[in-house]
1. Just to be sure, is ALA68 assigned to a helix (DSSP H, G or I) and either of a type in the set (Val, Ile, Thr) or in contact (Cβ under 8 Å) with a residue 12 or more places away in the chain (or both)?
2. From the residues in region 96-114 that are among the aliphatic types (A, V, I, L, M) and over 17 Å from the mean Cα position of the chain (by Cα), which one is surrounded by the most Cβ atoms within 10 Å (Cβ to Cβ)?
3. Tell me which of these LEU117 doesn't satisfy, since it passes every other one: (1) over 30 Å from ARG66 (Cα atoms); (2) surrounded by 20 or more Cβ atoms within 10 Å (Cβ to Cβ); (3) out of contact with any Ser or Thr (no Cβ under 6 Å at 6 or more places or on another chain); (4) of a type outside the set (Ser, Thr, Tyr).
4. Pick from region 146-169 the residues that are assigned to a helix (DSSP H, G or I) and of a type in the set (A, V, I, L, M, F, W, C): which of them is nearest to HIS58 (Cα to Cα)?
5. Check region 25-35 and report whether any residue there is in contact with a Pro (Cβ under 9 Å, 6 or more places away or on another chain), surrounded by 12 or more Cβ atoms within 10 Å (Cβ to Cβ), modelled with pLDDT under 85 and of a type in the set (Gly, Ala, Ser).
6. Do you know which of the residues in region 193-243 that are of a type in the set (Phe, Trp, Tyr) and within 17 Å of the chain's Cα centre (by Cα) is surrounded by the most Cβ atoms within 10 Å (Cβ to Cβ)?
7. Quick one: which of ILE123, ILE87 is in contact (Cβ under 8 Å) with a residue 12 or more places away in the chain, in contact with a Pro (Cβ under 8 Å, 6 or more places away or on another chain) and in a helix (DSSP H, G or I)?
Amino acid sequence: MKALTPRLSSLSSKHVLQPAHHMQHLAPVATAAVCTATSGSNRPFSVLNRPPPNYPGHVPLTKLERAALAVGSGVVSLIDPYRHDMIAALGEATASPYFIERLRQAMLASATGRRILRDRPRITSSSLDLPRLRALPKTTVGGTYAAWLDREGVSPDTRDPVRYVDDAECAYVMQRYRESHDFYHALTGLPVVREGEVALKAFEFANTLLPMTGLSLLALVTMRPAERSRFWSTYGPWAVRNGLRSQEVINVYWEEEMETDVDELRARLGIERPPDLRDIRKRERAEKKRLKEAAAAQAVAS
């Protein structure tokens, strides 16, 4: 748990001072101390007197509205874990202002993180040039990522835009986290099934402290007994161990790592691959099918 101390300590104060030597890198980067609403108006904020948006697509919320959004989106997400819009809303409603600010501070403390904040790259199918990534060796980060996208049948273009984080720079931090999620999948090999998502969210919670990633663990109650048992015995311990000891994954400039050997990046970050969940589930299904056929054959013979 000592590894968690630096991440928790940044939450002990509402106002976090920027180191002086960082400031020369931050000309294009907003330097508001905490990710809160920034409106030019001093008028009281209410549902009848809503301030203007701070960036395109921004929806300012009152504290009551934010609480209602968190509860409502949380309930819907638990019932239907494939409602990505509700999961996104839950993440934004529960991250502001302190937890997303902690993640922003982690980026400001890293030279690479500061460059990401300055450049504000987006992760989309066009910005990544997926045909080029598919042509890379499968042992590279780009080749591994493209192969994982194709195997799982997903696209980097499906991430919802951030709407409910008030500060524009913190909104970008949340967007960057959201768009990097599939790289975490590719790096760990965890598939897009409920069991794989819960394992990855546990890893992300230990690494980022974003409340939504921790709340996602409630989905354990909807999993089959064998899946829950596997989480507690294998994937949960892996997630906590690797999430705490690894570097802040938000600071990976993925666009610059495409030709890096994927094992080299894992070693640099301090992330070990968990057991292949897709292979485990495949063997489990094959064994169930074999037992079912054997039982059917025995019934016919008798």
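The values are calculated or read from the model by the stated rules, or taken from the named source; none is laboratory data. Remember, it's a predicted structure, so these values are computed and weren't measured experimentally. Methodologically, a virtual Cβ is constructed for each residue, glycine included, from the backbone with ideal geometry; neighbour enumeration extends over all protein chains shown.
1. No: the conditions fail for ALA68.
2. Within region 96-114, the subset among the aliphatic types (A, V, I, L, M) is 100, 103, 106-109, 111.
So of that shortlist, the ones also over 17 Å from the mean Cα position of the chain (by Cα) come out as 108-109, 111.
Details: LEU108: 21, ALA109: 16, ALA111: 9.
Here the residue is LEU108.
3. Every listed condition holds for LEU117 apart from (1).
4. The extreme case among them is ALA168.
5. no
6. Residue satisfying both the conditions and the ranking: PHE203.
7. That would be ILE87, the only listed residue that is in contact (Cβ under 8 Å) with a residue 12 or more places away in the chain, in contact with a Pro (Cβ under 8 Å, 6 or more places away or on another chain) and in a helix (DSSP H, G or I).
One line per residue, one yes/no per condition, for (1) closer than 21 Å to LYS201 by Cα; (2) hydrophobic (A, V, I, L, M, F, W, C); (3) in contact with a Lys or Arg (Cβ under 8 Å, 6 or more places away or on another chain):
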{"position": "ARG245", "(1), (2), (3)": "yes, no, no"}
{"position": "ILE250", "(1), (2), (3)": "yes, yes, yes"}
{"position": "GLU259", "(1), (2), (3)": "no, no, no"}
{"position": "GLU264", "(1), (2), (3)": "no, no, no"}
{"position": "GLU272", "(1), (2), (3)": "yes, no, yes"}
